[in-house]
Every structure is written in structure tokens, then in C-alpha cells.
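Step one of this worksheet: look at the structure below.
Every read-out reported here was derived from the displayed coordinates using simple, explicitly stated rules and does not represent laboratory data. Predicted model, so just to flag it, every value in this text is computed and none were measured. A quick note on method: Cβ atoms are made from the backbone with ideal geometry, for glycine too, and the neighbour counts reach across all protein chains shown.
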Amino acid sequence: MTMSRNIRDRYNETQHRIVLYLLAGLQKGKHYFKSKYIAKELGLSPKEVGTNMAILSEICQELDIIKWSYSNS
């Protein structure tokens with residue numbers, strides 16, 4: 001089973017898209033991601049990204065997701 005199929009089977013569609021986005025960003029050398037930029041790229045709301053990132057931080061085995069700042073917006 002390929003990693004992409006494994007990811008697709010374990011997460012909902014939004015989480016799947018976020019994980020693939022993060023993995024692609026890591027391949028480009030990025031280490032920090034903001035929900036508002038992920039949302040813009042994926043056509044989601046920042047709240048939707050934030051909610052799913054919180055879930056992924058608990059269940060995602062492919063990535064180590066850590067909340068590192070708070071937004072004032």
C-alpha cells in the first residue's frame with residue numbers, strides 16, 4: 001500500500017488534503033505553516049484548517065504537528 005493510499009484510508013477528505021499539502025511543503029524545505037495560508041491554497045476556511053490540524057496533531061503518524069503560536073485575529 002502506498003503512503004498516499006494509506007493517508008486517504010485513515011483520514012477524511014479535508015485531512016487527507018492537508019496532510020498531502022504539508023508533506024509537499026516539507027519536501028520543499030518548509031518547516032512552519034500558517035492555517036490561513038493552508039486554507040487559501042486549499043480553498044478552505046482558516047477555522048476548518050485549524051480544527052482539522054488539531055485533530056491531526058493527535059492522530060497523524062506521518063507528521064509531528066505542534067501548535068506553536070496563537071493568532072489575534
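For the range 10-50, run through the chymotrypsin sites (Phe, Trp or Tyr not before Pro) and keep only the ones in DSSP coil with at most 10 other Cβ atoms within 10 Å of their Cβ. Write out the running numbers ahead of the final one.
On the way: sites: TYR11, TYR21, TYR32, PHE33, TYR37; in loops: TYR11, TYR32, PHE33.
Within the range 10-50, the qualifying chymotrypsin sites (Phe, Trp or Tyr not before Pro) (loop, at most 10 other Cβ atoms within 10 Å) are TYR32.
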Compute the distance in nm between two label points, each set 7 Å from the Cα along the Cα-to-Cβ direction, one at GLU48 and one at GLN61.
2.8
Name the aspartates and glutamates eligible as straight-distance cross-link partners of LYS28: C-alpha to C-alpha under 20 Å, and not fewer than 8 places from it in the same chain.
GLU41, GLU62, ASP64
Hits among aspartates and glutamates - C-alpha to C-alpha of LYS40 under 20 Å, sequence gap 8 or more where chains match
GLU13, GLU48
Which of the lysines could a cross-linker span from LYS47 if the Cα-Cα distance has to be under 16 Å and same-chain partners fewer than 8 positions apart are dropped?
LYS34, LYS36, LYS67
